[in-house]
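To start, the structure under review is shown below, and the notes come after it.
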Amino acid sequence: MSTQKVALITGGGRGIGADTARLFAKQGYAVAINYKSNSEAANKLADTITADGGKCITVQADVSSEEDVSRMFSTVDKVLGTLSVLVNNAGILKKQSRLEDMTADRISAILTNNVTSYFLCCREAVKRMSTRHGGLGGVIVNVSSGAARSGSPNEYIDYAASKGAIDTLTKGLSLEVAAEGIRVNCVRPGLIYTDMHADGGEPERVARLQTVIPLQRGGQPEEVAEAIYWLASDKSSFSTGNFLDITGGL
Ligand code: NAP
């Protein structure tokens, strides 16, 4: 098996995850690009990475499914080798809504997709990375959101709360595995130009709100990818349980 470092990026086919996959591949990692249903986007990205001389695979898996997560990690083990980095990035939001109009189904879908998934992927990564289990150590980077701090009133408190849970997961897990060779850190992006805002019912949301951002513009996915990469790299070797806000000052 090669000595090339291996990174698994959940939700790596589009948006922030896609730019993260591109950057890790450029930096010499073998990259596993996870996606849920948009195989076209994931395969197109994989073709670009391969054409540029990088190494990657695509892995379909719904990261909120325990069975799919197990299969995804086994595939990475078999095809790419020892996992060095997990980027928990896959996430969803639903149409903008006040809390009194939210159904239990909606709230459950958000929590399962955005929280249970991160827990399951962290569990599988820790089993592989922890020196307690004979692993070589590793790094986990969780993608939370500035929404964890703002609470997203009148838009999606459910989504914001799911990201608050990711902040707590990051803190707790970072301490649990700090002595076992694993660093766990988190980025909290602000308003970033991706498809996600269309899922919330307002594709132009970033443009509408850019004047409230102190830097007076929305962020690009590659600007978040750079922060994720830094937290995964040895350049941040003394950082764990830390949070990087990529919010243009918000
Ligand atoms: P995006 O463009 O909508 O892409 C989301 C990605 O997640 C897609 O690749 C999608 O797969 C994947 N995904 C969603 N649910 C999944 C599941 N259950 N299993 C596997 N993959 C799943 O979103 P984004 O804006 O890049 O967001 C990435 C992360 O950044 C999310 O955690 C989001 O909450 C966070 N974030 C985004 C912003 C922003 O302004 N964009 C701000 C703060 C935080 P398919 O391609 O197969 O659909």
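Comparing 89, 34, 154 in a Gaussian network model of the chain (Cα springs below 10 Å), the most mobile by mean-square fluctuation is 154.
Of the residues 69, 79, 54, the one whose Cα sits farthest toward the positive end of the charge dipole of the stretch 1-82, with +1 on the Cβ of Lys and Arg and -1 on the Cβ of Asp and Glu, is 54. Computed over the chain with a Gaussian network model linking Cα atoms closer than 10 Å, the most mobile of 19, 101, 62 is 101. Subtracting the Cα-Cα distance of residue 123 and residue 211 from 0.36 nm times their residue separation leaves 27.7 nm of extension gain. Full extension of the chain between residue 2 and residue 106 gives 33.1 nm of extra length, using 0.36 nm per residue less the Cα-Cα distance. What does the charge count near residue 177 come to, summing +1 for each Lys or Arg and -1 for each Asp or Glu among other residues with Cβ under 9 Å from its Cβ? Local charge sum for residue 177: 0.
Averaging the Cα positions of each part gives two centres, and for the stretch 109-176 and the stretch 182-237 these lie 16 Å apart. Between the amide H of residue 244 and those of 186, 187, 188, distances stay under 5 Å, these residues lying 5 or more places away or on another chain, with hydrogens modeled in the peptide plane. The count of lysine pairs in the stretch 6-246 that are at least 8 places apart or cross chains, and whose C-alpha atoms lie under 19 Å apart, stands at 12.
Paramagnetic label reach from residue 222 (point 7 Å along Cα→Cβ; backbone nitrogen cut-off under 17 Å): within the stretch 186-206, residues 192-195.
Of the residues 73, 119, the one with the largest accessible area comes first in the ranking 119, 73, computed with a 1.4 Å probe on protein heavy atoms. The calculated FRET efficiency for residue 178 paired with residue 67, based on their beta-carbon distance and R0 = 30 Å, is about 0.50. The magnitude of the dipole of the chain, with charges of +1 and -1 set on the Cβ of Lys/Arg and Asp/Glu and taken from the Cα centre, is near 440 debye. Ligands, DNA and RNA excluded, the heavy atoms of residue 47 present near 110 Å² of accessible surface to a 1.4 Å solvent probe. Note on exposure: 243, 24 ranked by accessible area (1.4 Å probe, complete protein assembly) read 243, 24, with the most exposed listed first. A full extension of the chain between residue 237 and residue 95 corresponds to an added length of 47.2 nm, given 0.36 nm per residue minus the alpha carbon distance. When the chain is treated as a Gaussian network with alpha carbon springs shorter than 10 Å, the biggest mean-square fluctuation among 188, 22, 217 belongs to 217.
The values are calculated or read from the model by the stated rules, or taken from the named source; none is laboratory data. Note that the coordinates shown come from a computational prediction; the quantities given were computed from them, not determined experimentally. Quick reminder, even Gly has a Cβ in these numbers, built from the backbone with ideal geometry, and neighbours come from all protein chains shown. Side chains included, ligands, DNA and RNA excluded: accessible areas come from the protein's heavy atoms. Shrake-Rupley method; radii C 1.70, N 1.55, O 1.52, S 1.80 Å.
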